[in-house]
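Throughout, read-outs are computed from the coordinates displayed, never taken from laboratory work. All figures in this text were calculated on a predicted structure; none of them were measured in a lab. No Cβ is skipped: glycine too gets one built from the backbone with ideal geometry, and neighbour counts run over all protein chains shown.
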Amino acid sequence: MLRVRRSEERGDARHGWLHSRHTFSFAGYWDPRHMGFRSLRVINEDRVDPGAGFPRHPHRDMEILSYVVDGALEHADTLGTGSVIRPGDVQRMSAGRGIAHSEYNASRDEPVHFLQIWIIPREDGLDPTYEQRHFSDEDKRDRLRLVASADGRDGSVVVHQDVALYASLLSPGARVTHGLAEGRGAWAQIVRGRVRASVGDSSVELRAGDAIAIEHEAELSLEGLDEAELLLFDLG
């Protein structure tokens, strides 16, 4: 099964200082056909004006990942964590039994563009924790680099769910292939550029903001049609 989610079909929220596109139902955007994919619950593509952001607000029982595309995102939370997230960084915050945090554009001059991802944890009531790692462009170039996993292997951040998240920067003509174990599904989110996704005899061109869901298939192939960036989720 191959299912495409086009960028222009996503929810579109504009709040002056914030422009957000919602892959799945979120806040004021509701579509019962798009409530998530397996344990993947939210992919919001956010653009925040210089100096603006989200004041302190609470979360619980959710694994929250932030992936900056351009600019810098300043984070502070009730664990005492303070950090700036830049392109190449992957931030993981396990909300667990309760945490509050703020997120602001760290620049007074340039917008920040980032993806916020929510994954439903394998259990509720976990201790709230924070983790941030950097993955270089060279480490992601024309390969699938593991950046988040249930066991933290290969230097990835730890997500409390049966998920493996890969990031890739594809050169034009470069191809990566990912095999899926029986019973697992994959979600590929195109961050920028154009990619051709192939499953068996079927293929489709994807552009920035597009995504593809795969189930009951053995392998997914992704080819860069120009300079491209993508995230690939392997989900139990």
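Things worth noting here:
- In terms of its C-alpha gyration tensor, the range 104-197 comes out oblate, because a/c is 1.5 or above while a/b does not outweigh b/c.
- Each of 10, 3 was scored by other Cβ atoms within 10 Å of its Cβ. Listed from fewest to most, they are 3, 10.
- Per-pair calculated FRET efficiency, R0 = 25 Å: residue 8 and residue 227 via Cβ, rounded to 0.05: 0.70
- Residues 17, 30, sorted so that the one with the fewest Cβ neighbours within 10 Å comes first: 30, 17
- Remark: 4, 159 ranked as 4, 159, counting other beta-carbon atoms within 10 Å and listing the fewest first.
- The range 10-134 shape via C-alpha gyration tensor axes, a/c threshold 1.5: oblate
- Other residues lying with their Cβ under 10 Å from the Cβ of residue 113 contribute a combined charge of -2, Lys and Arg counting +1, Asp and Glu -1.
- Taking the chain and dividing mean pair separation by its residue count, relative contact order in percent (alpha carbons under 8 Å, at least six apart): 19
- FRET efficiency, residue 79 to residue 109 (Cβ-Cβ, R0 22 Å, nearest 0.05): 0.15
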